[in-house]
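The values are calculated or read from the model by the stated rules, or taken from the named source; none is laboratory data. Since we're looking at a predicted model, the values are computed, not measured. So basically every Cβ, Gly included, is an ideal-geometry build from the backbone, and we count neighbours across all protein chains shown. When the accessible area is computed, the model is the full protein with side chains, heavy atoms only, and any ligands, DNA or RNA have been set aside. Shrake-Rupley method; radii C 1.70, N 1.55, O 1.52, S 1.80 Å.
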Amino acid sequence: MNPQEVAQIDPSAMAVNQWQGASFPLEGFQEYTSPFGYRSSPMGGYSQEFHYGLDMAAPSGSYIRNWWSGTVVEVTDDSNCGTSVVVESGSWLHIYCHMQGHVESNSQGRYMIDREGGLQIWEGREVLAGARIGRVGMTGRTTGPHLHWGLKYNDNWVDPALVLRAMYSEQQTAASNRVQ
């Protein structure tokens with residue numbers, strides 16, 4: 001992957017209530033295993049590479065939830081990302097990688113199918129925030145079961161950890177305001 005622009009936005013500085021409709025993207029979350037940014041190659045060797053997402057470990061088969069309501073713009077299963085779904089929500093693209101299942105197509109279009117998980121995600125269809133859109137697997141370039149979650153804002157990569165921190169901070173503020 002060629003180095004790409006990394007957004008210099010501060011998600012915590014976005015509009016008040018910006019994150020109210022958002023959902024944490026993973027059930028069965030265990031830990032963050034690889035942050036956004038430069039890292040040693042997980043495949044060994046001494047090379048450095050830029051990691052365009054946040055890796056979140058969870059047991060194989062854990063459900064992945066859509067972060068924000070939007071339209072599925074791509075399903076694929078033929079890249080380093082493995083079986084993946086890309087959702088567009090206004091200026092945001094959110095990418096979910098290494099899922100179980102595979103891509104099929106018919107006269108109605110392309111879709112990601114995970115029969116065991118009871119999922120069928122179609123390109124061009126709307127998905128709500130919090131909807132189950134996949135399950136943790138080990139497809140593509142991976143060393144263990146996890147969700148690789150990538151975010152782009154206006155075509156620039158954004159550190160998903162910054163977004164999660166902003167979401168958490170807003171939720172804490174909203175909760176304390178309700179208590180008062």
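Annotation note: Cβ proximity below 9 Å between a residue of region 39-55 that is within 14 Å of residue 141 (Cα to Cα) and surrounded by 12 or more Cβ atoms within 10 Å (Cβ to Cβ) and a residue that is modelled with pLDDT of 65 or more and of a type in the set (Val, Ile, Thr) (sequence gap 6+ or interchain) occurs for 42/142; 42/143; 52/95; 53/95; 55/33; 55/142. In region 65-91, the residues that are within 14 Å of residue 128 (Cβ to Cβ) form Cβ pairs under 7 Å with partners that are assigned to a loop (DSSP other than H, G, I, E, B) and among the polar types (S, T, N, Q), at six or more places apart or across chains, as follows: 65/23; 66/23; 67/23; 87/66; 89/69. Could you check, for region 34-44, whether at least one of its residues is out of contact with any Phe, Trp or Tyr (no Cβ under 7 Å at 6 or more places or on another chain), in a loop (DSSP other than H, G, I, E, B) and at positive phi? The answer is yes, given that some residue of region 34-44 is out of contact with any Phe, Trp or Tyr (no Cβ under 7 Å at 6 or more places or on another chain), in a loop (DSSP other than H, G, I, E, B) and at positive phi.
Of note, residue 90 satisfies the criterion of being in contact with a strand residue (DSSP E or B) (Cβ under 9 Å, 6 or more places away or on another chain), of a type outside the set (Val, Ile, Thr), open to solvent by 10 Å² or more (accessible area, probe 1.4 Å) and over 15 Å from residue 36 (Cβ atoms). Taking the conditions (1) touching a Gly at 6+ places or on another chain (Cβ under 6 Å); (2) among the polar types (S, T, N, Q); (3) surrounded by fewer than 20 Cβ atoms within 10 Å (Cβ to Cβ); (4) at pLDDT 95 or above in turn, residue 106 satisfies each one other than (1).
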